[in-house]
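Some notes on the structure that comes next.
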Amino acid sequence: MNAQLQMIPQLQTEPIQPQQNIPRWNLALRIAFRFWMIYLGLYCLATQIITAGTDIPDPATLWPLRPVIFWTAAHIFHVNVPLSFGGNSGGADCMFGWVMTFCLLVIATAATVVWSLLDRSRENYAELHKWFRLFLRFALAGQMIFYGFAKVIPQQMPYPSLTRLLQPFGTFSPYGVLVNSIGSAPAYEIFAGCAQVAAGLLLIVPRTATLGALISLADMIQVFTLAMTYDVIAKLFAFHIMLLSCFLLAPDVPRLVRFLLLHRTTSLSTEAQLFRGVRANRIALAAQIILGLWLVGLDCHDCWGIWSTRGGGRPLPPLYGIWEVEQMSIDEQPRPPLLTDSTRWRRAIFDYPDRMAFQRLDDSFVPYGASVNLPERTLALTKKDDKNWRASFTFQRPAGDQLILDGRMDNHQVHMELQLTDRNSFLLVSRGFHWIQEFKLLPQP
């Protein structure tokens, strides 16, 4: 009989993790959790945090938030001009973004009061916290990976364009100084991007999420500081990314203080499991990793597409370069390079396949849409703000560094003879990196 019973297959049951006895949260902790869950959740749902890398506009610019923001701006802050907003206005420092932040603070505060009155008997929010933590982990990871790849494949701050090389430094805005200085050092930009991508990857895995949040916080402190000191239009957004990092780090702060500052032993971090069953948790972990890999692939693909079409890997136009206008005539009348002549061009700059710019003698630039037909040797120009405006030229290249343009522009016959400028003549381009740099010593008396 016993032998027969042993032959019956035993029912395999999935091991169940014991339910932890979670202590009661104090009143301040419960109220703080309610507020930050509502506020950070609303901010993530209203801004590009959930739409990064897509063409979807910020939900804050849509109904029902948009009319609330407009009403608040007009009646609370007495803004008399229409609010301007675009695809990512919710996270920007424009008036729309600031008013939206105020509205979310008011909504979160009111909702926290109502929630606290209706749920006074709740001992803790451990179950809700682990799911909201999961949401914030991937919200933060998505931002770090997206902006990280935008630097690893350096298109967020590209190398200075030909037009930028010609601009006097004093004409740069503080933001222009920051972008072009980092863009002129691609190795540093790639390094900074690798740190952000590493933080995003660590946030995806529950065991390494704390380290990922620490790196994210350190990185975003730097970004926020740059935004505040160089007037970058990312102050609000960078500050809120810091808040997401702090929320994720909050449960580990006592442990980190004891270990890093007090030099005392501390317990290991215990990441709350999403489910009680071991198999369910393994499936959840696999799903998180797959989602993380999807984010990596999506952001890498998008950034590479921008790099190869509009960034440093874009195809160069046939007339690429900075061309000095050595001789110019209008209606067969020679135009000497006089500073008082606003119709005389100083340079022609071809940097992108679909546009170019002329530089006046006062160093100002006039941009045009450009279309070059190489077999027919023609150049067609358009204006962005005037759909009916057209100019057409034929060109000759007697030599690789010489260009002759003939055509009609603004109802005048124009003739130009141009000389190509060597791009390496700019120290920013040719200086490069040096291990050894000698001091310039003063001559001996």
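None of the figures in this text is laboratory data; all of them are computed from the coordinates on show. Just so we're clear, the structure is a prediction, and the values are computed from it rather than from any experiment. Note that each Cβ is placed from the backbone with ideal geometry, even for glycine, and that neighbours are counted across all protein chains shown.
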key: Residue-wise HN-Hα coupling along segment 180-185, computed from phi with Karplus coefficients 6.51, -1.76, 1.60 (Hz; x: Gly, Pro)   = 6, 5, 6, x, 7, 10
task = Report relative contact order for the chain in percent, whole number only (criteria: Cα-Cα under 8 Å, sequence separation at least 6).
result = 12 percent
query = Among Ile49, Ile22, Ile204, which one moves the most in a GNM of the chain with springs linking Cα atoms closer than 10 Å?
reply = Ile22
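Explain nothing, just the number: dipole magnitude of the chain about its Cα centre with +1 on each Lys and Arg Cβ and -1 on each Asp and Glu Cβ, in debye rounded to the nearest 20.
Charge dipole of the chain: 1640 debye, to the nearest 20.
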query = Which ³J(HN,Hα) values in Hz, rounded to whole numbers, follow from the phi angles of segment 363-376 under the Karplus curve 6.51 cos²θ - 1.76 cosθ + 1.60, where θ = phi - 60° and Gly and Pro get x?
reply = 6, 7, 10, 10, x, 9, x, 9, 9, 9, 9, 5, x, 8
query = What is the set of long-range amide H partners of Arg347 at a cut-off below 5 Å, with H atoms built 1.01 Å from backbone N?
reply = Val325, Gln359
query = By per-residue mean of other Cβ atoms within 10 Å, what is the highest-first order of 305-311, 331-337?
reply = 305-311, 331-337
query = Under the Karplus relation 6.51 cos²θ - 1.76 cosθ + 1.60, θ = phi - 60°, what is the ordered set of whole-Hz ³J(HN,Hα) values for segment 342-358, x standing for Gly and Pro?
reply = 7, 9, 8, 7, 9, 9, 10, 10, 10, 10, 10, x, 10, 7, 8, 8, 9
remark   = The local net charge around Glu271, scoring Lys/Arg +1 and Asp/Glu -1 for residues other than Glu271 whose Cβ lies under 13 Å from its Cβ, equals +4
message = How charged is the neighbourhood of Gly312? Take every other residue with its Cβ under 15 Å from the Cβ of Gly312, and add Lys/Arg as +1 and Asp/Glu as -1.
response = +3
request  = Starting from the Cα gyration tensor of segment 258-302, take the square roots of the eigenvalues, sort them a ≥ b ≥ c, and report rounded, prolate or oblate (rounded when a/c is under 1.5, otherwise prolate if a/b is larger than b/c, else oblate).
outcome  = oblate
remark   = Long-range amide H partners of Arg335, meaning residues 5 or more apart or on another chain whose placed amide H is closer than 5 Å, are Met328, Ser329, Ile330
ask   = Long-range amide H contacts for Val79: which residues qualify at under 5 Å (H placed 1.01 Å from N, peptide plane, sequence gap of 5 or more or a different chain)?
value = Ala74
ask   = Which residue, Pro158, Pro398, Pro318, has the most motion in a Gaussian network model of the chain that connects Cα atoms within less than 10 Å?
value = Pro398
query = Which of rounded, prolate, oblate describes segment 239-313, given a ≥ b ≥ c as roots of the alpha-carbon gyration tensor eigenvalues and a/c under 1.5 marking rounded, otherwise prolate only if a/b is larger than b/c?
reply = oblate
query = So, counting K/R as plus one and D/E as minus one, what does the shell of residues with Cβ under 12 Å around Met100 add up to?
reply = -1
ask   = For the chain, modelled as a Gaussian network with Cα springs under 10 Å, which listed residue fluctuates most, Leu381, Leu260, Leu274?
value = Leu260
inquiry  = Here are labelled values, (1) 4, 15, 21, 20, 16, 11, 7, 4, 2, 1, 0, 0; (2) 4, 20, 30, 26, 14, 5, 1, 0; (3) 4, 19, 25, 22, 14, 8, 5, 2, 1, 0, 0, and one is the computed P(r) over Cα pairs in 10 Å bins from 0, in percent for what I pasted. Which one?
reply    = (1)
query = Okay, helix-only estimate at 222 nm for the chain: each DSSP H run of n ≥ 4 adds -39500 (n - 2.57), divide by all residues, round to 500 deg cm²/dmol; what do you get?
reply = -14500 deg cm²/dmol
